[in-house]
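A quick write-up on the structure given underneath.
The values are calculated or read from the model by the stated rules, or taken from the named source; none is laboratory data. Bear in mind the structure is a predicted one, so any value in this text is a computation, not a measurement. Cβ atoms come from the backbone with ideal geometry, glycine included; neighbour counts cover every protein chain shown.
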Amino acid sequence: MKALVFEKSGLENLKYSEYPDPSPGENDVMIRVKTAGVNPVDLYTVTSHKVNPIPHIPGVEFAGEVVKVGDKVKGVNVGDKVTIYGRVFDGTCDMCMEGYETVCRNGGRIGIDANGGWGEYVSLDQKYVYKVPEGYSWELSSSLTVAGLTAYHSLKVSGLRAGETLVVFGASGNTGMFLVQLGKKFGANVIAVSKKEWLTGYGADVVVDYDGVEDKVRDFTDGKMADVVVNSLGEKFWEKGLQVLGVRGRLITFGTLTGAEVKLNLSQLYSRHIAILGVNRGNRKDFVELINLCKDCKVKTWRKFKLKDGAKALKQLWADNRDGRILIENAE
């Protein structure tokens with residue numbers, strides 16, 4: 001099969017080449033990949049992460065059609081449209097036993113610790129494969145594993161309730177657009193921090209620029225400020241995130257695109273009873289809930305690339321004019 005493969009870290013080493021077809025075992029599902037998401041973690045996979053196996057196929061987020069199933073596979077059939085739960089887990093550690101597979105003590109990530117979806121085919125144990133409902137687009141199906149699940153798990157962990165105010169930094173990003181939509185499904189008032197007015201069509205009650213966010217949140221909430229703030233961007237907006245958070249507010253973080261080192265005034269936490277929570281994708285239960293909840297979710301797509309142009313797709317992640325998701329289509 002054709003795949004994007006590298007043997008040594010570096011974007012210049014990512015090559016579109018021949019790779020052996022996967023050989024599914026009795027518990028495995030073989031998928032013809034249709035669409036794959038392009039995420040910052042894919043770039044880090046190619047440039048710096050320790051990966052397995054080598055040569056390696058990246059791609060942590062994808063969807064496709066089942067072309068073969070092992071003898072012991074149940075509930076998934078040839079021809080089914082599927083997406084994947086992307087955290088590798090053993091199902092036996094204490095975290096897995098508690099239903100927290102996303103932090104399995106012996107786990108990893110498909111696309112990093114196992115071959116991913118940037119090839120024509122991929123074979124995975126059936127426990128990672130989930131059918132998507134009829135009517136799901138390939139764009140949405142391929143955006144659930146990372147973008148959708150991280151957003152949903154974040155809001156669940158935050159305890160976001162109907163009537164509360166959610167502020168989303170980076171609202172036009174991969175996870176941000178899902179946070180806005182899911183926040184409305186949770187019944188919250190959603191303030192999207194972005195320059196992209198199209199977010200009102202995704203459920204944002206207000207779209208505000210980064211410079212005026214504190215005043216806008218204060219006006220919108222009559223001075224109470226936000227109940228939940230999600231900062232997926234990291235250091236640059238850390239202080240602003242804390243400034244817009246109200247008494248007993250919850251700050252959720254899962255990204256470091258603008259830096260990972262922050263300063264923290266502890267008196268801000270205990271004086272306002274603030275909680276800071278870090279999250280990393282989500283659990284299988286979350287994933288099933290998300291698939292059922294997100295049937296009418298939308299994906300703003302900026303550009304689509306062919307599989308052979310995957311390196312070009314990665315280079316566009318930080319393009320100044322980027323406006324939505326970058327996807328890879330495997331039509332070959």
Task: Filter result for A162 (surrounded by 24 or more Cβ atoms within 10 Å (Cβ to Cβ) and not assigned by TED's automatic domain parsing to the domain that holds G79) - done: no
TODO: Keeping to region 13-28, report how many residues are loosely packed, with under 11 Cβ neighbours inside 10 Å and either of a type in the set (S, T, N, Q) or not in a strand (DSSP E or B) (or both).
DONE: 3
- [ ] Pick out, from region 225-319, the helices (runs of 4 or more DSSP H) lying fully within it that include 2 or more residues that are touching a helix residue (DSSP H, G or I) at 6+ places or on another chain (Cβ under 9 Å) and crowded, with 17+ Cβ neighbours inside 10 Å.
- [x] 238-243, 284-293, 310-315
Task: Qualifying position, being in contact with a Ser or Thr (Cβ under 8 Å, 6 or more places away or on another chain), charged (D, E, K, R) and closer than 25 Å to G249 by Cβ, among K196, K156 - done: K196
Task: Top-ranked residue in region 126-151 [being assigned to a helix (DSSP H, G or I) and in contact with a Gly (Cβ under 6 Å, 6 or more places away or on another chain); ranked as surrounded by the fewest Cβ atoms within 10 Å (Cβ to Cβ)] - done: L149
TODO: Go over the candidates R284, R303 one by one and state the one that is farther than 22 Å from T221 by Cα and in the same structural domain as T35 (by TED's automatic domain parsing).
DONE: R303
Task: Among (1) of a type outside the set (G, A, S); (2) in contact (Cβ under 8 Å) with a residue 12 or more places away in the chain; (3) out of contact with any strand residue (DSSP E or B) (no Cβ under 7 Å at 6 or more places or on another chain); (4) closer than 30 Å to E18 by Cβ, the one test that E139 misses - done: (3)
Task: E329 at pLDDT below 90 and touching a Lys or Arg at 6+ places or on another chain (Cβ under 9 Å) - done: no
Task: Positions within region 175-224 being touching an Asp or Glu at 6+ places or on another chain (Cβ under 9 Å), of a type in the set (F, W, Y) and part of a loop (DSSP other than H, G, I, E, B), in sequence order - done: F186
TODO: Answer yes or no: is there a residue in region 69-83 that is of a type in the set (V, I, T), buried (at least 24 other Cβ atoms within 10 Å of the Cβ), touching a strand residue (DSSP E or B) at 6+ places or on another chain (Cβ under 8 Å) and in contact (Cβ under 8 Å) with a residue 12 or more places away in the chain.
DONE: yes
